[in-house]
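*Asks:* Pasting a structure below so you can have a look.
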Amino acid sequence: MPARTLTASPAKPNEPPRILAGFQHLPGHLDRAAQDTLMAAVTEVVAAAPLYRPSMPRTGKAFSVRMTYCGALGWVSDKDGGYRYQQTHPQTGRPWPPMPARLIALWQAVADYAALPEACLVNHYQPGTKLGSHVDADEADTAAPVLSVSLGWDAIFHVGGLKRTDPKAKLLLKSGDVVILGGAARLAYHGLERIMPGTSDLVPWGGRINLTLRRVTLP
Ligand code: MD6
Ligand code: FE
């Protein structure tokens, strides 16, 4: 009998997406009262640290999403400095505002990670904005999960595997939903395909807010 040769199976275009262990979607985790509390906290954060559009390293092209941070560290990007975490807002030069207590409590309830989050990204999506497929890999501590809260308009989110070309599952994220990328899914590709205008009245200025909580440094 001839020796059997092991060949890599060819890429199957119709292969169903396999969601990695450690990915969690908690639909409706926050009720309307909790969402209102968070929205009030976000309004305060944005007043102290205005939303801005970072520019990409090298090209200097602006992101379509506007963002800001609260917590000890914020991730910034510009043409010359590249991507990095820093303690101050790039435009005001002031420290990022503190992380709202309700967000710290959420992390303690669902993150399954002892150390506290250090950075909370506030993304604001307006009609036509999306976030391309990416891996959240700028944190030294990838043992900690990344946790996100959706507020406002509905959105279509995708999550794939560890390779950009892996099949992707699409999920509808609604206001109050929590998403966790932990364990094997911590470095999975994911992105935000589109938002659905007018599907929620939570955000007073319209659109969708996504809050992403991270541990950045090793505890
Ligand atoms: C968004 N979310 O929902 C984009 N990253 O607008 C993310 O990029 C994300 O939801 C890490 C963990 C959870 C997330
Ligand atoms: Fe992400």
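Every number in this text was worked out from the coordinates using simple rules, so none of it is lab data. As the structure is a prediction and not an experimental result, all values here were calculated from the model. Cβ sites come from the backbone with ideal geometry, for glycine too, and all protein chains shown count toward neighbours.
*Asks:* Is the shape of the stretch 137-198 best called rounded, prolate or oblate, per the rule: a/c under 1.5 gives rounded, else a/b larger than b/c gives prolate, else oblate, with a ≥ b ≥ c the square roots of the Cα gyration tensor eigenvalues?
*Replies:* On the way: a/c = 2.61, a/b = 1.46, b/c = 1.79.
Oblate is the answer for the stretch 137-198, as a/c is 1.5 or above yet b/c matches or exceeds a/b.
*Asks:* Sticking with this structure for a sec: Would you work out if the stretch 89-219 is rounded, prolate or oblate? Take a ≥ b ≥ c from the square roots of the eigenvalues of the alpha-carbon gyration tensor; rounded if a/c is under 1.5, else prolate when a/b is larger than b/c, oblate otherwise. Don't skip to the end; give the middle numbers.
*Replies:* Numbers: a/c = 1.58, a/b = 1.09, b/c = 1.45.
Judged from the Cα gyration tensor, the stretch 89-219 comes out oblate (a/c at least 1.5, b/c at or above a/b).
*Asks:* Shifting gears a bit: Within the set of other residues whose C-beta is less than 14 Å from the C-beta of Ile156, count the net charge using Lys and Arg as +1 and Asp and Glu as -1. Working shown, then result.
*Replies:* Working: positive: Lys130, Lys168, Lys170, Lys174, Arg194, Arg208; negative: Asp154, Asp177, Glu193.
Spelling it out: positives minus negatives among the neighbours equals +3.
*Asks:* Connecting C-alpha atoms closer than 10 Å in a GNM of the chain, tell me which of Val146, Val122, Val179 has the biggest fluctuation.
*Replies:* Taking springs between Cα atoms under 10 Å, the residue moving most is Val179.
*Asks:* Let me ask you something else. Under the rule of -39500 (n - 2.57) per DSSP H run of 4 or more residues, summed and divided by the residues of the chain, what mean residue ellipticity at 222 nm is obtained, to the nearest 500 deg cm²/dmol? Provide the component values of the computation, followed by the final result.
*Replies:* On the way: 2 runs with 27 residues, N = 219.
Calculated mean residue ellipticity at 222 nm is -4000 deg cm²/dmol.
*Asks:* Now, a different point. Along the positive direction of the dipole of the chain (beta-carbon charges: Lys, Arg +1; Asp, Glu -1; about the Cα centre), which of Met196, Gly176, Ala62 reaches farthest?
*Replies:* Final value for the positive-end residue is Ala62.
*Asks:* Now, a different point. Please turn the phi angles of the stretch 165-174 into ³J(HN,Hα) values with the Karplus equation 6.51 cos²θ - 1.76 cosθ + 1.60 (θ = phi - 60°), one per residue in order, whole Hz, x for glycine and proline.
*Replies:* 8, 4, x, 10, 8, 9, 10, 8, 9, 10
*Asks:* Just check the chain against the gyration tensor rule for me: Cα atoms, a ≥ b ≥ c as the square roots of the eigenvalues, rounded for a/c under 1.5, and otherwise prolate or oblate depending on whether a/b exceeds b/c.
*Replies:* Details: a/c = 1.67, a/b = 1.51, b/c = 1.10.
The shape class here is prolate.
*Asks:* What's the magnitude of the charge dipole for the stretch 111-219 around its Cα centre, counting Lys and Arg as +1 and Asp and Glu as -1 at the beta-carbon? Answer in Debye, nearest 20.
*Replies:* Around 340 debye, computed over the stretch 111-219.
*Asks:* How high is the relative contact order of the stretch 75-134, in percent, counting Cα pairs under 8 Å that sit 6 or more residues apart?
*Replies:* Numbers: 28 pairs, mean separation 10.8, N = 60.
Relative CO of the stretch 75-134 lands at 18 percent.
*Asks:* Add +1 for every Lys or Arg and -1 for every Asp or Glu among the other residues with Cβ under 12 Å from the Cβ of Arg66, and state the total.
*Replies:* Details: positive: Arg53, Arg208; negative: none.
Neighbourhood net charge equals +2.
*Asks:* Would you mind counting up the charge near Asp138? Only other residues with Cβ under 14 Å from its Cβ, with Lys and Arg at +1 and Asp and Glu at -1. Don't skip to the end; give the middle numbers.
*Replies:* Values: positive: Arg84, Arg186, Arg214, Arg215; negative: Glu118, Asp136, Glu139, Asp141.
With Lys, Arg at +1 and Asp, Glu at -1, the neighbours total 0.
*Asks:* Can I ask one more? Please state the charge dipole magnitude for the chain, taken about the Cα centre, from unit charges on C-beta atoms (+1 on K and R, -1 on D and E), reported in debye and rounded to the nearest 20.
*Replies:* On the way: 23 positive and 17 negative charges, 144 e Å.
Dipole magnitude for the chain comes out near 700 debye.
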